[in-house]
1. For the stretch 227-245, state whether one or more residues are more than 30 Å from Ser117 (Cα to Cα) and modelled with pLDDT of 60 or more.
2. Out of the stretch 24-55, which residues are buried (at least 20 other Cβ atoms within 10 Å of the Cβ) and in contact with a Gly (Cβ under 7 Å, 6 or more places away or on another chain)?
3. Which pairs have Cβ atoms under 9 Å, sit 6 or more apart or on different chains, and link a residue in the stretch 211-231 that is in contact (Cβ under 8 Å) with a residue 12 or more places away in the chain and more than 19 Å from Thr55 (Cα to Cα) to one that is of a type outside the set (Asp, Glu) and surrounded by 20 or more Cβ atoms within 10 Å (Cβ to Cβ)?
4. Pairs, please: C-beta under 6 Å, at least 6 apart or cross-chain, first residue in contact (Cβ under 8 Å) with a residue 60 or more places away in the chain and over 15 Å from Ile245 (Cα atoms) and in the stretch 110-139, second among the aromatic types (Phe, Trp, Tyr) and crowded, with 18+ Cβ neighbours inside 10 Å?
5. Got a sec? Which helices (runs of 4 or more DSSP H) wholly within the stretch 27-103 have at least 1 residues that are free of Cβ contacts under 8 Å to residues at least 24 places away in the same chain and out of contact with any strand residue (DSSP E or B) (no Cβ under 7 Å at 6 or more places or on another chain)?
6. Scan Arg185, Arg190, Arg131 and give me the residue that is among the basic types (Lys, Arg), over 25 Å from Leu49 (Cα atoms), out of contact with any Ser or Thr (no Cβ under 6 Å at 6 or more places or on another chain) and at pLDDT 90 or above.
Amino acid sequence: MPPRQVCARRIMRLTHLFIMVVFNVCWAATLPINKALGNWLEPGGIVTLRFLLATLALAPLWRWLPGPPLQGRDWLRAAVMGMLVFCVGQRLQVLGNALGGAGNSAVLMALEPLITSLLAALLLKEHIPWRRWAGFVLGITGVALLNGVWRPEFQWTSLTANLIFISSFVCESGYSILGKPVAQRAGSARILATALVAGTLANVLYDGGSTWQAAHKLPWQAWAGLAFMALVCTVLGYTAWLWVIKETPVSLVVLTIFVQPLAGVPMAAYWLGESLHWGQLWGVLVIGAGLVLGLVEWPERRRVPLSKAALEN
């Protein structure tokens, strides 16, 4: 590949990863927002309203959405993605977060990149270089330091709550594993719109009535949080994710998820009044090292072939 094409490819990949870093900062805000919404809504109601708002914002724009339309079995794949991620997965994640607390959830969140990467290697046949594996290890270690798992006051949740939260990652990974091949053939926003309609129908059928009654009592702050999660974190964020993994390995993109605990620490300190500790500084440094190791494309050494005369000597 010519040097100019290599340089352009690296710039595009860095742009993709920067976009995902920005959205991971936004996704980090969903944990404290969900905690606050728990004062008025059940975990399932939060999920139903969030993705109902996202569907109402995106689905009416179907005619003007960019990219080719879905064809054949891609409709079914997109629908399965929506029910897995926007119904089952999100309900498990919000419920696990409510049972275990934000600190435990942040620790467990470090397992999502690893689970998704393993599935990408098995199902999408992606090659994961040793640098990326090392980045995963450093990221998980940094999250543990960030949350001070060694401190006496740190409370691990029950096994049931942990398993509920971790099981949501398997559902979440379906968005990448099923979505990457579909994104090669159809527009990212069109895939998301189809997935949202399927997931929202399942949510409304499950608890639409009770959620509608609770929605009448929500203050404007709750609606603002739901609108942020629906429009920024869902419509823009999930569209960008599909657009990025279309050109970039899934195992590389999921490394950016480690940005979420980095962003979550100052958010928790500011919004929830949580105290800071030195472990958070070390955690930031270790996670940063893991991101640099896993995300930066290091130049490889070129082997210069020896001349015939040198071989004879």
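The values are calculated or read from the model by the stated rules, or taken from the named source; none is laboratory data. Model, not experiment: these values are computed from the prediction. We place every Cβ from the backbone using ideal geometry, glycine too, and count neighbours over all the protein chains shown.
1. Yes - at least one qualifying residue is present in the stretch 227-245.
2. Scanning the stretch 24-55 gives Trp27, Ala28, Leu31, Ile33, Leu37, Thr48, Phe51.
3. Listed pairs, sorted by first residue: Ala214/Leu41; Ala214/Gly45; Ala214/Leu49; Leu218/Leu37; Leu218/Leu41; Leu218/Leu49; Leu218/Leu226.
4. Pairs found: Glu112/Phe169; Gly139/Phe258.
5. 43-58, 74-83
6. Arg185
Results for (1) in contact with a Cys (Cβ under 7 Å, 6 or more places away or on another chain); (2) more than 21 Å from Gly38 (Cβ to Cβ); (3) β-branched (Val, Ile, Thr), shown as yes or no for each residue.
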position: Ala195; (1), (2), (3): no, yes, no
position: Tyr206; (1), (2), (3): no, no, no
position: Lys217; (1), (2), (3): no, no, no
position: Trp223; (1), (2), (3): no, no, no
position: Thr239; (1), (2), (3): no, yes, yes
position: Trp243; (1), (2), (3): no, yes, no
position: Glu247; (1), (2), (3): no, yes, no
position: Val250; (1), (2), (3): no, yes, yes
position: Val254; (1), (2), (3): no, yes, yes
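Per-residue answers, yes or no, for (1) of a type outside the set (Asp, Glu); (2) within 19 Å of the chain's Cα centre (by Cα); (3) surrounded by fewer than 18 Cβ atoms within 10 Å (Cβ to Cβ):
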| site | (1), (2), (3) |
| --- | --- |
| Pro181 | yes, yes, yes |
| Gly209 | yes, no, yes |
| Trp212 | yes, no, yes |
| Ala227 | yes, yes, yes |
| Leu255 | yes, yes, no |
| Val259 | yes, yes, no |
